[in-house]
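One structure is given below, encoded as structure tokens.
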Amino acid sequence: MTATPKPQPSFSPGRRWKIGFDVVVRTALVLAVVVMINYLGGVFTERFYLSSQTRIKISPRTVDVLRSMTNHVMVTLYYDTQDDLYPTILSLLNAYHAVNPNISIRTVDYVRDAGEAEKIKTQYKLNSPTDKNLIIFDCGGGRLPKIVPGDALAKYTLEQVPNEKEREFRKKPVAFLGEMMFTSTLLTLENAKPFEACFLQGDGEPSLTDSGDTGYLKFAAVLAQNYIELKPLVLSGDNPIPDDCNLLVIAGPRTQFANPELQKIDQYLSQGGRLFLLLDYSSIQHPTGLEDILRHWGVNVGADVVQDPKNTISGSDVEVYNFSQHPIVNPLTGLGLELILPRPVSRIHWQTPPADAPTVDELAFSGPDSGLMNEHGLPPHAYPLMAAVEQNQVKGLAATHGGCRMVVVGDSLFLSNRVIDGGANRDFAGYAVNWLLDRPTLLKGIGPRPVVEFRLMMTRQQQQRVRWLLLGALPGGVLALGGLVWLRRRK
């Protein structure tokens, strides 16, 4: 009888020890990597992004606003989570929370969570059928919550969708405005009362409510985003400039100011007022009277129009890319302004300046080949087109508004509804008013984010073919291949 051979172990003791040691080492390495990643995550607060399409990097201005906030703000996303914009909105708010943990975020999907949605509707009195896709900012403390509608967070354009039977269009997002609106909303919650700005009317200036090309409706919206309440002001009769007027805006006057009006403006400036003055080509033939006041402050507005043949599109505009060093224009480096028939605005060089002379800085310049429309004999050179004036306090007078500041620009049309979105015009308006109001934290821009889409456009018939291919042909092919393998093995 043959003895059955004793089975040999699969692994020798040495092999088993080697495998065990390898497992221990690999486990230790994995744990070391996990610990290292957690340590680095605690040390470094900078966020890294693997994809440029998912990157949400907030602007320096928003970072400064968030760091200055001390109140707790609850942000409620009363939103359909299947909406296309929802992931972008949530990512942006998470970036806010990463800078300031006082920003808390919660999502209530009114489509899929009716119970929680009903609580939100009761809490914030959402009674309208259109109260959908809302972002609610609530800081408590007796302050009313601020509600941002989701429909206002993006700009859209119509894009034709391929259709073999009829013309079909869809709304395509081209710009995301979420950061602009969210940061503006946080400003309104952090400050109990907005700044008051007066917009002079009655001397040919544009209207704040006019939505036409020459109106200033969009300019008013820019100030509202910066938490500045802009109100019309008429200085005729006994109407004074209000004591609570933090900023006086005079844009494109076309007639001569009456002496009482000029006296009120002069007195306002002498008491430390803030003035944003825009004088365009229409006042060349009809001086407003403000020119004499400006000369007293060291600013001369030329009675001509600057032309720059190498930096123009239509011939009447001037593309401005040359800036000095000043808080208003420092953020515009690499950007440009689009001015329409601008007048030169220059600093007056006094031979013997007075002891209390203000500081005047020329801000932006035309190109070196520029000339004047009515002076053809002068050699071409760069012309200053705007200036900033600052004086801490006028000697011998009490400054009720703080130190006097002015921004004088030789054009008003560049901030009208038609042109304000050209170049960095909108940004300049925000920088100018925030410098005038002495808000250095806000001298950093927030612009619309372009929306980049990667979309495969197909007609309905093509979509149907692809659907049948994915749901029928591919699974059927796999089943057929499996059947062939089964038949072959049976043989």
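The values are calculated or read from the model by the stated rules, or taken from the named source; none is laboratory data. Just so it is clear, the structure is predicted and the values come from calculations on it, not from any experiment. So basically every Cβ, Gly included, is an ideal-geometry build from the backbone, and we count neighbours across all protein chains shown.
Among the residues of the stretch 228-239, write down those that are surrounded by fewer than 21 Cβ atoms within 10 Å (Cβ to Cβ) and either in contact (Cβ under 8 Å) with a residue 24 or more places away in the chain or within 19 Å of N425 (Cα to Cα) (or both). Selection gives E229, K231, P232, L233, V234, S236.
Restricting the stretch 45-72 to residues that are out of contact with any strand residue (DSSP E or B) (no Cβ under 9 Å at 6 or more places or on another chain), modelled with pLDDT of 50 or more and aliphatic (A, V, I, L, M), which is surrounded by the most Cβ atoms within 10 Å (Cβ to Cβ)? Among those residues, the one meeting the criterion is V65. Is it true that some residue in the stretch 339-346 is within 30 Å of S211 (Cα to Cα), in a helix (DSSP H, G or I) and out of contact with any strand residue (DSSP E or B) (no Cβ under 6 Å at 6 or more places or on another chain)? No. Return yes when K119 is farther than 22 Å from L66 by Cα and within 17 Å of the chain's Cα centre (by Cα) and no when it is not. Considered against the rule, which asks whether it is farther than 22 Å from L66 by Cα and within 17 Å of the chain's Cα centre (by Cα), K119 comes out as no. Among the residues of the stretch 411-434, those that are in contact with an Asp or Glu (Cβ under 8 Å, 6 or more places away or on another chain) and closer than 16 Å to I328 by Cα comprise G423, N425. Does the stretch 124-154 hold any residues that are in a strand (DSSP E or B) and surrounded by 15 or more Cβ atoms within 10 Å (Cβ to Cβ), and which are they? Answer for the stretch 124-154, where residues must be in a strand (DSSP E or B) and surrounded by 15 or more Cβ atoms within 10 Å (Cβ to Cβ): L134, I135, I136, F137, D138, K146, I147, V148, A154.
Scanning the stretch 129-162 for residues that are modelled with pLDDT under 85 and among the polar types (S, T, N, Q), which turns out farthest from the chain's Cα centre (by Cα)? Top of the filtered list is Q160. For the stretch 185-227, filtered to residues that are without any contact (Cβ under 8 Å) to a residue 24 or more places away in the chain and within 21 Å of N246 (Cβ to Cβ), the residue that is surrounded by the most Cβ atoms within 10 Å (Cβ to Cβ) is A220. Restricting the first member to the stretch 299-317 and to residues that are assigned by TED's automatic domain parsing to the domain that holds L415, and the second to residues that are of a type in the set (K, R), the beta-carbon pairs closer than 6 Å and six or more apart or on different chains are V301/R343; G302/R343. Of all residues in the stretch 108-123, those satisfying the criterion of being without any contact (Cβ under 8 Å) to a residue 24 or more places away in the chain and assigned to a helix (DSSP H, G or I) are A114, G115, E116, E118, K119, K121, T122, Q123. Could you tell me whether the stretch 75-83 includes any residue that is within 18 Å of G140 (Cβ to Cβ), crowded, with 20+ Cβ neighbours inside 10 Å and in contact with a His (Cβ under 9 Å, 6 or more places away or on another chain)? Checked against the condition, which is being within 18 Å of G140 (Cβ to Cβ), crowded, with 20+ Cβ neighbours inside 10 Å and in contact with a His (Cβ under 9 Å, 6 or more places away or on another chain), the stretch 75-83 yields at least one hit. Checking each residue of the stretch 436-454 against the condition of being within 30 Å of P354 (Cα to Cα), modelled with pLDDT of 90 or more and part of a helix (DSSP H, G or I) gives at least one match.
For the stretch 347-361, residues that are more than 14 Å from M406 (Cβ to Cβ) and polar (S, T, N, Q) total 2.
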